[in-house]
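Undergrad: Handing you this structure, nothing more for now.
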Amino acid sequence: MRIDVVSIFPDYLAPLRLSLLGRAQEDGLLDLAVHDLRDFTFDRHRTVDDTPYGGGAGMVMKAEPWALALEQVLVAQGAVAGNAGHDAGPVAARRPVLIVPSPAGAVFTQAMAYELAEEPTLAFACGRYEGIDERVLEWAEQRFEVRPVSLGDYVLNGGEVAVMAMVEAIGRLLPGVVGNPESLVEESHADGLLEYPVYTKPSSWRGHDVPEVLLSGNHGKIASWRLEQQLRRTAARRPELLDGADAAPFGKAERAV
Ligand code: 6GU
């Protein structure tokens, strides 16, 4: 998968070169490019923001640097023919996905991570300040499938931390990135439930014992104990997951709740 991120703080994204995703890039499973929005400005101060029309607090990100940066992303992703940085018209059959992190977006879920992991390319536009001039989104709609996405109901200073979370959640689902694909099946949200508790040696530690059933060797009993734990945990911590319209990648009908 090819991923392009545009930000005024490219260094913010540096941790994506570490650990599992770092290895995935070395192995050629993920091709990640981070672009500095200020490289698409031409004044002495490399200005990316200005005061809002209509007044109000804060600053708004200017449109033109975003168009130039996103045009370069389209060329890098092979979606348009490059022409001195100018959009020379579409080449790809389908518009590439552009994710715009925003607390006003649709909430990012594991189901969305699975869906986005199927895309050949993804682009992320990290806004800062009060947001990006709305006309950039209108312009981008003609070239990308634009998806405003939120991490949850709280406000961050910009999209960078959200992009790190989303790229990690999506990247680990790419074939070959996680060594043992079994671990993707058993984790929280894979089946719409929270994961069951886990234990390792010693079986007795500071007066706390591992549940007897896990030492029994009875795999049927262990599986039903784990499912019961998943249901209990989900009911206690996230009851809305049990009856909500939350989209899980596997059908809820397969579960006997
Ligand atoms: Cl994706 N961006 C920003 N700026 N704040 C957020 C968010 C995203 N998700 C939750 N809060």
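Values in this text are rule-based calculations from the coordinates and carry no lab data. Note that the structure is a prediction, hence the values are computed from the model and not measured. Every residue, glycine among them, receives a Cβ derived from its backbone with ideal geometry; neighbour counts consider all protein chains shown.
Undergrad: Compute, for the chain, the length of the dipole vector about the Cα centre, with Cβ point charges of +1 (Lys, Arg) and -1 (Asp, Glu) only. Units Debye, rounded to 20.
TA: My answer is approximately 620 debye.
Undergrad: Still on this structure, please answer the following. Grab the other residues whose beta carbon is less than 15 angstrom from that of Val60, score K and R as +1, D and E as -1, and report the net.
TA: Spelling it out: positives minus negatives among the neighbours equals -4.
Undergrad: In debye, nearest 20, what is the charge dipole magnitude of region 47-194 about its Cα centre with +1 on Lys and Arg Cβ and -1 on Asp and Glu Cβ, if you could check?
TA: So the dipole magnitude of region 47-194 works out to roughly 300 debye.
Undergrad: Hey, what did region 20-87 get for relative contact order, percent, Cα under 8 Å, at least 6 apart?
TA: 20
Undergrad: Check each of the trypsin sites (Lys or Arg not before Pro) in region 180-238 and keep only those in coil by DSSP with at most 12 other C-beta atoms within 10 angstrom; list them in order.
TA: Within region 180-238, the qualifying trypsin sites (Lys or Arg not before Pro) (loop, at most 12 other Cβ atoms within 10 Å) are Arg206.
Undergrad: Same structure again: Where does each of Leu215, Leu194 land when they are ranked from fewest to most other beta-carbon atoms within 10 angstrom?
TA: Taking fewest neighbouring Cβ atoms as first place, the list is Leu215, Leu194.
Undergrad: Taking the Cα atoms of the chain, what is the range of coordinates along each of the three principal axes, in descending order and whole Å?
TA: Projected onto its principal axes, the Cα set of the chain covers 70, 43, 38 Å.
Undergrad: Using +1 at the C-beta of Lys and Arg and -1 at the C-beta of Asp and Glu, which of Gly55, Leu68, Asn157 has the Cα lying farthest in the positive direction of the dipole of the chain?
TA: Farthest towards the positive pole: Asn157.
Undergrad: Do you know the relative contact order of region 2-171, to the nearest whole percent, from alpha carbon pairs under 8 angstrom that are 6+ apart?
TA: 27
Undergrad: Going by how many other beta carbons lie within 10 Å of each one, how would you line up His189, His45, fewest first?
TA: The order, fewest Cβ neighbours first, is His45, His189.
Undergrad: A follow-up question, please. Which helices, counted as full DSSP H runs in the chain, have an axial Cα extent of no less than 15 Å and a Kyte-Doolittle average of -0.5 or above?
TA: What comes out of the filter, once short or polar helices are dropped, is 63-76, 160-171.
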